[in-house]
Amino acid sequence: MSLRLLSFSVLISLICGFLILFSFVLFSDSDIFNPGPLSAGKGCIILTVDEFQDDHFVRESLDHLDLGTFISESSQEVFLDDFGELKKIPLYSFQNAIEALDPRNDGYAEQLSAFFVRDGKRFFFLPLDDPSGISTGKLTDQLVHLLEDIPFNLVILGEIIPSPFFLFFALYAAASVITLFLSGSRKLFVYNLPVLLAFGFAGIPAFFIATALSGIWELMREPLAELFAFRRYKRHFFDFSDAGIKSLGEHLRPFRLNIVLIFSLLVLLIVHSVTSGLPVIPMVFGTGCFFFLHYLALRIITRRFTPVSILSPKKTFSLFPFLLPLGSFYILSLFLALILPFFSYPARDKDALPDSGLFDVSYVVRPEDYYRHLAFQSSFSYTPLGREQEPVMPDGYLRYYLGEDGLISGGRVFQAGEREIPPFPLETLMGFLIHYYQDDSPGREKGIRDAGPDSVPAAKVFDMKEWIFVAIIFILMAASMLQHVK
């Protein structure tokens, strides 16, 4: 084989691998390299308990976590006009501070309270600058100890999961390389290696993809070699005369089982891809590249002398131990997904949200709600009853000031809103929640992990589908061993 031809073949193989990778990035909902708008490291811990639990006790217990001060109903204050002076009233005692028909009740306290207590649950929030260092399992164990017998539900939003891809890809690449060394023809299989590695970006389902394609490669290797040899010694690839078809049939007769298994694996590959929710275009394109490179490699090899089989071959395929590395690492990856929550990437059900009530943005208190409340309370003493936010005088009241002699020396217009305005205390939390739940971004579903006595982390769900396909792989290997024994 010339150096130019070898270089060209390697280049085509690498280009195919890159294009498959690019198609996964382009057409997949999951983005491996960019965790989305939460990549700046913003996040939030949300804890829910029964609404009748003592808010003070839970929040004081949470302080022992040394993660920061949790935000809850008992930590909030609202403003109340005290006839010329603004007073801060604890949110939980606001209703006891005023009468039911008090016109100073502008509804903000109820709105704020409904954010923290609703649907039979009491919410506690902790905004995080860097959620990546927090272990859900460890945090859950601490909460079980701190909260004693109080049932709770824990959600971490915006979690930047320590990149599982590189750990997964290391296992996947190792299995693919070992498979190369166990192949019946390394010179042929090596051209398909970039394609198999590119499929690794599909996540754990990539193990079955690689196993199925490698199995098809092994099943096709000898039949295609016979066809290329047949073509080499015949004028046309297919001679449609009775003699030509009969001759071709005689050459392929020993490989009837191969052909049946090839179509079976193709059907299984399609079923697996659909049930795993893999993007169609990368799968079709990648599978096409795999077959194209197999054809190209055979063309290169058969440019040299290719012996023609005189006797019918006794071995038509050998799936064991060829597929053993991919099958074994497939099982290992599924066990790791059960043990390590982050290892399930990217096979995560983005619709499996931990608590639908938690995602109702209508309860979020916005900055304009806060500043409207502050403006109302600030101007209440200067507003006639029954009129909203309108001073008695168009330009406001006059405020007089005294001179050095102690007498009134002049006046200036006093505006009700000229007091120093405290910033919205929940701006960081509310801004994060609005951004996280309202923005239609690819990072929205990446940062959800749910844990607690009443919840099951998504990564620890036993994926029966993948285990069924694992069983199919080992059944095929066992059948291959029996075929060799016979």
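The values are calculated or read from the model by the stated rules, or taken from the named source; none is laboratory data. None of these values were measured; they are calculated from a predicted model. All Cβ positions, glycine included, derive from the backbone under ideal geometry; neighbour counts span all protein chains shown.
The table for this structure:
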| item | result |
| --- | --- |
| Close pairs (7 angstrom Cβ cut-off, 6 or more residues apart or separate chains): more than 18 Å from I45 (Cβ to Cβ) and among the hydrophobic types (A, V, I, L, M, F, W, C) in region 420-434, part of a loop (DSSP other than H, G, I, E, B) and at pLDDT below 85 anywhere | none |
| Filter result for the condition that a residue is of a type in the set (F, W, Y), within 11 Å of L298 (Cα to Cα) and crowded, with 22+ Cβ neighbours inside 10 Å, over F207, F189 | F189 |
| Pair list, Cβ under 8 Å, 6 or more apart: region 166-187 residue over 13 Å from A206 (Cα atoms), other residue among the β-branched types (V, I, T) and at pLDDT 85 or above | L180/V190 |
| Filter result for the condition that a residue is on the phi < 0 side of the Ramachandran plot and either at pLDDT below 90 or not hydrophobic (A, V, I, L, M, F, W, C) (or both), over I209, I160 | I160 |
| Evaluation of R387 against (1) at pLDDT below 60; (2) in a strand (DSSP E or B) (one fails), failing number | (2) |
| Close pairs from region 99-111: first more than 22 Å from V364 (Cα to Cα), partner in a loop (DSSP other than H, G, I, E, B) and of a type in the set (A, V, I, L, M, F, W, C), Cβ under 9 Å, at least 6 apart | P103/L385; R104/I98 |
| Residue check for L266: assigned to a helix (DSSP H, G or I), modelled with pLDDT of 90 or more and not polar (S, T, N, Q) | yes |
| Helices (runs of 4 or more DSSP H) (entirely within region 93-173) containing at least 1 residues that are in contact with a Pro (Cβ under 9 Å, 6 or more places away or on another chain) and crowded, with 19+ Cβ neighbours inside 10 Å | 136-146 |
| Looking only at region 69-92, and only at residues there that are among the small types (G, A, S) and at pLDDT 90 or above, the one that is surrounded by the most Cβ atoms within 10 Å (Cβ to Cβ) | S72 |
| Conditions (1) surrounded by 12 or more Cβ atoms within 10 Å (Cβ to Cβ); (2) at pLDDT below 80; (3) over 22 Å from A198 (Cβ atoms): number failed by I300 | (3) |
| Qualifying residue in region 188-204 (condition: outside the structural domain of A225 (by TED's automatic domain parsing) and under 18 Å from the mean Cα position of the chain (by Cα)) | no |
